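**Student:** Would you mind keeping the following structure in view while I ask a few things?
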Amino acid sequence: MFRYGRNPAATVYDSLGPDFFLALDDGWLNLGLWEGDGSDPEEAPIAVRALVQRIAEPLPIGGDVLDVGNGLAAQDPLIVQVARPRSLAVVNVTLSQLRHGRDRLTEAGAVAVNGDASRMPWRDGSFDGVISVEAAFHFPSRRRFLEEAFRVLRPGGVLTISDIPTLRMPRTPREGLAAVSQLRVWGLHRGTAATPDDIVTMAHAAGFTGVRAELVGDRVIGPALRAVRGRLDGAHGGSWAHARAARVMLGQVDLLWERRLIDYLLLVAKKP
Ligand SMILES: C[S@@+](CC[C@H](N)C(=O)[O-])C[C@H]1O[C@@H](n2cnc3c(N)ncnc32)[C@H](O)[C@@H]1O
């Protein structure tokens with residue numbers, strides 16, 4: 001367990017470091033968008049890229065783009081390939097990740113800012129596209145992030161994100177334990193729980209129109225869990241304590257997924 005301090009997410013990602021042993025590919029922290037069921041380890045590097053490609057596709061081509069919560073920056077050269085932006089900026093609360101991702105940020109020609117998604121240091125109307133991959137559940141407030149995304153977008157700008165919504169609250173002690181442990185492990189606050197409808201409503205309230213939301217947990221969470229379990233089963237060497245902790249964590253996420261307490265959301269919206 002961590003001592004979290006002022007920025008729980010930064011504490012978590014500082015401690016995971018640049019080579020998180022459960023990452024599906026080097027430098028990639030997302031769960032992937034899978035064609036298969038996660039049993040083919042060769043699909044993992046394809047799946048993590050397919051997810052970013054899918055989320056980046058709605059971005060306007062040739063505009064100014066902001067990537068919020070960019071992890072180790074592996075996704076940024078791919079975002080450039082898909083959206084061919086005039087400029088790319090990234091904001092990440094975890095300074096160590098920006099440092100570890102320096103070469104990838106250079107490759108992407110990105111300007112990096114160490115800051116908070118819910119208080120972004122850009123003027124109104126600075127961007128044509130805002131993208132955020134699997135990070136919004138970490139932000140201190142989703143509502144403020146969506147309001148900030150709306151503010152920094154120009155009219156006609158596009159927001160495209162993935163997020164992990166909560167479909168229902170725990171009903172049994174086992175579910176409660178799994179949910180609280182996951183909140184604790186990932187440094188999340190209770191307010192992070194929001195249904196897909198809540199998130200869509202927040203996007204509308206921030207001013208967005210044309211909000212399109214899709215649940216794709218079957219292609220993301222299910223296969224990713226199988227893939228990570230396969231890697232743990234096949235792992236040789238490494239720390240026994242790490243592997244044991246990972247199995248316990250995996251079991252808890254499995255429960256939250258199998259009983260449909262959580263899902264995986266893709267959301268696209270427009271600033272009118
Ligand atoms: C699950 S990782 C996803 C990283 C990356 N998008 C990927 O998919 O590989 C969540 C990311 O969000 C960042 N993050 C968390 N809270 C943040 C905040 N308040 N403002 C900006 N970034 C934040 C973390 O530092 C981390 O890089």
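The values are calculated or read from the model by the stated rules, or taken from the named source; none is laboratory data. No experiment lies behind these values; they were computed from the predicted model shown. All Cβ positions, even for glycine, are placed from backbone atoms using ideal geometry, and neighbour counts span all protein chains on display. Protein only, heavy atoms only, side chains kept; ligands, DNA and RNA dropped before computing areas. Shrake-Rupley method; radii C 1.70, N 1.55, O 1.52, S 1.80 Å.
**Student:** Taking H placed 1.01 Å from N in the peptide plane, check which residues at least 5 places from ALA112 or on another chain put their amide H under 5 Å from its amide H.
**Tutor:** VAL90
**Student:** For a protection proxy built on the mean count of beta-carbon atoms within 10 angstrom, sort 39-47, 7-15 highest first, please.
**Tutor:** 7-15, 39-47
**Student:** So what is the relative contact order of the range 8-270, in percent, for Cα pairs below 8 Å that sit 6 or more residues apart?
**Tutor:** The value is 22 percent.
**Student:** Out of all DSSP beta bridges with both ends in the range 117-272, state the antiparallel percent to the nearest 5.
**Tutor:** Values: 12 of 17 bridges.
Within the range 117-272, antiparallel bridges account for around 70 percent of the total.
**Student:** Kirkwood hydrodynamic radius for the range 46-119: how many Å is it when counted over pairs of different Cα atoms?
**Tutor:** Numbers: mean 1/r = 0.0823 Å⁻¹.
Roughly 12.2 Å, rounded to one decimal.
**Student:** While we're looking at this one, here's another question. Within 10 Å, count the other beta carbons around each residue, average over each peptide in 65-77, 48-60, and list them highest first.
**Tutor:** Ranking the peptides 65-77, 48-60 by packing returns 65-77, 48-60.
**Student:** Right, next: Full extension from ARG171 to ARG102: what is 0.36 nm times the residue separation minus their Cα-Cα distance, to one decimal in nm?
**Tutor:** 20.4 nm
**Student:** Among LEU146, LEU95, what's the order by accessible area (1.4 angstrom probe), most exposed first?
**Tutor:** Solvent-accessible surface, decreasing: LEU95, LEU146.
**Student:** Which loop-located chymotrypsin sites (Phe, Trp or Tyr not before Pro) does the range 104-152 contain, where loop means any DSSP state but H, G, I, E or B and the Cβ has at most 11 other Cβ atoms within 10 Å?
**Tutor:** Filter output for the range 104-152: empty list.
**Student:** Round to a whole number: what % of the accessible area of the range 136-272 belongs to carbon and sulfur, probe 1.4 Å? All intermediate terms of the calculation are to be shown ahead of the outcome.
**Tutor:** Numbers: 3860 of 6630 Å².
Summing carbon and sulfur atoms, their accessible area is 58 percent of the total for the range 136-272.
**Student:** Using a 1.4 angstrom probe, figure out how much accessible area the range 8-270 has per residue, in square angstrom, rounded to the nearest whole.
**Tutor:** The answer is 45 Å² per residue.
**Student:** Antiparallel as a % of all DSSP beta bridges within the chain, to the nearest 5? The partial results should precede the final answer.
**Tutor:** Details: 14 of 32 bridges.
Among the beta bridges of the chain, antiparallel pairing accounts for roughly 45 percent.
**Student:** Using 7 Å Cα-to-Cβ label points, what is the ARG212/SER239 separation (nm, one decimal)?
**Tutor:** It is 4.4 nm.
**Student:** In addition: Distance between the C-alpha centers of the range 23-61 and the range 113-181? Whole Å please.
**Tutor:** 20
**Student:** If packing is taken as the average number of other Cβ atoms within 10 Å across a peptide's residues, how do 239-248, 256-265 rank, most packed first?
**Tutor:** 256-265, 239-248
**Student:** Please report the projected area of the range 1-142's Cα convex hull averaged over all directions, in nm².
**Tutor:** Seen from a random direction, the Cα hull of the range 1-142 projects 9.0 nm² on average.
**Student:** Report Rg/Rh for the chain, rounded to two decimals, where Rg is the Cα radius of gyration and Rh the Kirkwood radius.
**Tutor:** With Rg and the Kirkwood Rh in hand, the quotient comes to 0.94.
**Student:** So, one more: Please determine, in degrees from 0 to 90 and to the nearest 10, the orientation of helix 240-258 with respect to the longest principal axis defined by the Cα atoms of the chain, where the helix direction is its Cα long axis.
**Tutor:** For helix 240-258, the angle is close to 70 degrees.
**Student:** A further question on this structure: Could you tell me how many degrees, from 0 to 90 and to the nearest 10, lie between the Cα long axis of helix 196-206 and the main elongation axis, the longest principal axis, of the Cα atoms of the chain?
**Tutor:** 20
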